[in-house]
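Peer 1: A single structure is presented below for examination.
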Amino acid sequence: MEPAELVQLRSRGLMPAGPEPDGPTLLASTHGECVFHDRSPQGGCRIQRVLGHAALPLACRQFPRQSVRDPRGVSMTLSHYCPTAAELSASPLEPITIAVNAPGFPDTGEYVGLTADPTLPPLLHARLVMDWDSWWLFEELAVALISDAPSPLARLALVVEDVREWRVGPRPLMEHIGDAFDRARDHTPVPAEPPSTVVTQRCADAIATVPEAWRPQALEALSTSTSPPVEDVVMRRYLAAHAFANWTAYQGEGLRAWHRAVETAACLLVHTADPGRADFILRHLADANAFTARCNQAERA
């Protein structure tokens with residue numbers, strides 16, 4: 001931050017007077033809120049109001065975006081810890097689709113997230129890597145299945161196990177993936193999702209990946225909800241937001257790890273009945289590497 005900006009902030013009572021610290025500083029919070037959040041009728045962020053969007057810290061400029069950069073460009077989903085994103089999840093259900101070249105997110109925008117190795121697509125399993133076109137098809141069909149299929153999480157599990165059976169040969173992986181999704185849609189019966197024992201275990205898995213210093217906040221967010229169970233529309237949108245641009249798909253050891261990440265998100269939502277609290281734990285408190293390592297356990301099941 002430039003000295004003039006510091007003076008401008010201080011003149012409005014936004015920063016304490018005194019010498020500028022020698023080392024890096026952290027934005028402070030009080031009662032769980034950033035100290036720069038304005039609760040007055042004017043509302044909003046004091047820094048943004050005075051200095052504009054460019055003056056915000058990087059984490060604030062990116063919030064609530066969760067992005068991945070790969071050879072096709074930047075794929076982005078949103079954290080439901082953002083109240084606006086959470087409200088959108090409860091809007092009347094229309095087919096969930098992947099927006100391409102959305103005007104609100106131009107190519108020249110600032111996107112900071114996971115940068116995937118362009119030479120190494122996600123793994124099918126620990127011994128076989130997918131090709132990029134097959135992964136992008138898988139991701140697209142997963143979002144479509146979540147949008148309209150009954151018991152989508154359980155059907156995604158069927159897809160994962162089906163696709164893992166593919167072997168290198170004359171039949172392209174993309175063709176096998178398309179057929180696997182068709183078979184999962186037609187499969188009956190599909191077990192209820194997810195059972196209470198799985199919900200309990202996945203919530204414990206998520207908490208275990210939160211650093212000790214932040215675990216009290218995570219446990220508070222996980223506390224038993226008095227809210228009614230989440231509506232189907234909320235669950236579907238939330239699942240799609242975690243199936244798409246999923247970091248575990250790129251960092252993990254296979255499609256089972258990807259599904260475990262999506263399943264964990266679903267279980268947190270079932271337990272908390274609150275997309276904001278669920279994503280606060282998973283997207284903002286959990287350590288991404290520790291979470292991926294926990295999801296990789298599914299590959300050895």
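The values are calculated or read from the model by the stated rules, or taken from the named source; none is laboratory data. Keep in mind it's a predicted model, so treat the numbers as computed, not measured. Positions of Cβ are backbone-derived with ideal geometry, glycine not excepted, and every protein chain shown enters the neighbour counts.
Peer 1: Picking from ALA240, ALA273, which residue would you name as being farther than 23 Å from ALA142 by Cβ and either surrounded by fewer than 23 Cβ atoms within 10 Å (Cβ to Cβ) or over 11 Å from the mean Cα position of the chain (by Cα) (or both)?
Peer 2: Just a single option satisfies the conditions, and that option is ALA273.
Peer 1: Still on this structure, I have one more. For GLU193, which of the numbered conditions (1) buried (at least 20 other Cβ atoms within 10 Å of the Cβ); (2) of a type in the set (Asp, Glu); (3) out of contact with any Ser or Thr (no Cβ under 8 Å at 6 or more places or on another chain) fails to hold?
Peer 2: Result: GLU193 fails condition (3) only.
Peer 1: Out of LEU58, LEU78, LEU88, LEU128, report the one residue that is more than 30 Å from ASP232 (Cβ to Cβ) and surrounded by 10 or more Cβ atoms within 10 Å (Cβ to Cβ).
Peer 2: After ruling out the rest, the residue left standing is LEU128.
Peer 1: Only one of (1) assigned to a helix (DSSP H, G or I); (2) surrounded by fewer than 17 Cβ atoms within 10 Å (Cβ to Cβ); (3) without any contact (Cβ under 8 Å) to a residue 24 or more places away in the chain fails for ASP162. Which number is that?
Peer 2: (2)
Peer 1: Select the helices (runs of 4 or more DSSP H) contained entirely in the range 188-288, then report the ones holding at least 1 residues which are of a type in the set (D, E, K, R).
Peer 2: Working: elements: 196-208, 215-222, 232-243, 247-251, 255-272, 275-279.
Once the helices (runs of 4 or more DSSP H) in the range 188-288 are filtered for at least 1 residues that are of a type in the set (D, E, K, R), what remains is 196-208, 215-222, 232-243, 255-272, 275-279.
Peer 1: Follow-up. Name the single residue that is modelled with the lowest pLDDT among those in the range 183-219 being more than 16 Å from ALA293 (Cβ to Cβ) and β-branched (Val, Ile, Thr).
Peer 2: Out of the qualifying residues, it is VAL190.
Peer 1: Tell me which residues, restricted to the range 104-134, are of a type in the set (Asp, Glu) and under 11 Å from VAL74 (Cβ atoms).
Peer 2: If the condition is that a residue be of a type in the set (Asp, Glu) and under 11 Å from VAL74 (Cβ atoms), then ASP107, GLU110 are the ones that fit.
Okay, residues lined up against (1) without any contact (Cβ under 8 Å) to a residue 12 or more places away in the chain; (2) of a type in the set (Lys, Arg); (3) closer than 23 Å to ALA240 by Cα; (4) touching a Phe, Trp or Tyr at 6+ places or on another chain (Cβ under 8 Å):
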{"site": "VAL50", "(1), (2), (3), (4)": "no, no, no, no"}
{"site": "ALA55", "(1), (2), (3), (4)": "no, no, no, no"}
{"site": "CYS60", "(1), (2), (3), (4)": "no, no, no, no"}
{"site": "ARG65", "(1), (2), (3), (4)": "no, yes, yes, yes"}
{"site": "ASP70", "(1), (2), (3), (4)": "no, no, yes, yes"}
{"site": "SER75", "(1), (2), (3), (4)": "no, no, yes, yes"}
{"site": "SER91", "(1), (2), (3), (4)": "no, no, yes, no"}
{"site": "ASN101", "(1), (2), (3), (4)": "yes, no, yes, no"}
{"site": "PRO106", "(1), (2), (3), (4)": "yes, no, yes, no"}
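Peer 1: Considering LEU120, LEU124, which residue is over 19 Å from the mean Cα position of the chain (by Cα) and in contact (Cβ under 8 Å) with a residue 12 or more places away in the chain?
Peer 2: Values: LEU120 fails: in contact (Cβ under 8 Å) with a residue 12 or more places away in the chain.
Exactly one residue qualifies, and that residue is LEU124.
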